[in-house]
Amino acid sequence: MVRSALALFTVTAIGCTPATTAPAEGPPEPTALAPIETAEPAETAAPTAAPPEAALGTRYRVGDYVIYEFSGSALKAPVTITEDIIGQAGLRLEIQVTAERGAEERTWVQVVTDTRENRKNEKFDALYLVKDGKREKLANADNVDAYRLYEWIIPPMEGPIKDKQQAPCNVEIAGKSYELTCTTGKATVGGKEADIEMRDGEAFLWTQASSTMRAIDGGELLYQKRVKEAGRR
């Protein structure tokens, strides 16, 4: 998202509260980005030491996509989010995101530089709302606009995860098996104490595989994220 751009809000929703600072007054004028041409990393001789991240390039290519499904009583309604790589040049990516909730739909484009530091710091190069095929640049101060776009899938989490434990696990995603990390713990979700389980890891291109929040008392499914489909178009 690239972890921050593609999966920031499913992760942040489990540990942070969205910022509330309002964006600058007055929407920016609609704009268009210069297209990014697909570029394959240049071939180089085998290094004698680990190369810097920029030299490694990004694993994402134009056409890579993932479809996530979100459900559970903590959400207003089930949501489907499709993320498509529509531009790639070196480490720079354009990611088109389409969120669907019933008859509602919103589409936006995230421009990110795919480095570990940027993923950790949840940094966007630019954020564009797509309306009638045109891009409207958003100020996105403190990621306020990004949170607003992702608000449909942010569960009502109260505080951080407690009693967190991690262990390696084998997870099947879209018909393929991956060695990932399973994280378990407890948290309060919508006023209910819940068991939390997350499965993620770099072995899966999009890193985020699934998340489940289930009420300890009664077993009610409060929140669930799962990969419906992933691949290259």
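Number of residues in the range 159-214 that are within 18 Å of residue 232 (Cα to Cα), open to solvent by less than 20 Å² (accessible area, probe 1.4 Å) and of a type in the set (Ser, Thr, Tyr) equals 1. Taking the range 107-222 and the strands (runs of 3 or more DSSP E) fully enclosed by it, the elements with 2 or more residues that are of a type in the set (A, V, I, L, M) and over 16 Å from residue 83 (Cα atoms) are at 157-173, 176-189, 192-200, 208-215. Return the residue satisfying two criteria in turn: it lies in the range 77-105 and is open to solvent by 10 Å² or more (accessible area, probe 1.4 Å) and touching a helix residue (DSSP H, G or I) at 6+ places or on another chain (Cβ under 7 Å), and of such residues it is farthest from residue 152 (Cα to Cα). In this case the residue turns out to be 91.
The values are calculated or read from the model by the stated rules, or taken from the named source; none is laboratory data. Everything quoted here is computed from the prediction, not taken from an experiment. All Cβ positions, even for glycine, are placed from backbone atoms using ideal geometry, and neighbour counts span all protein chains on display. For the accessible areas, the whole protein counts, side chains as well, though only heavy atoms, and no ligand, DNA or RNA atoms are used. Shrake-Rupley method; radii C 1.70, N 1.55, O 1.52, S 1.80 Å.
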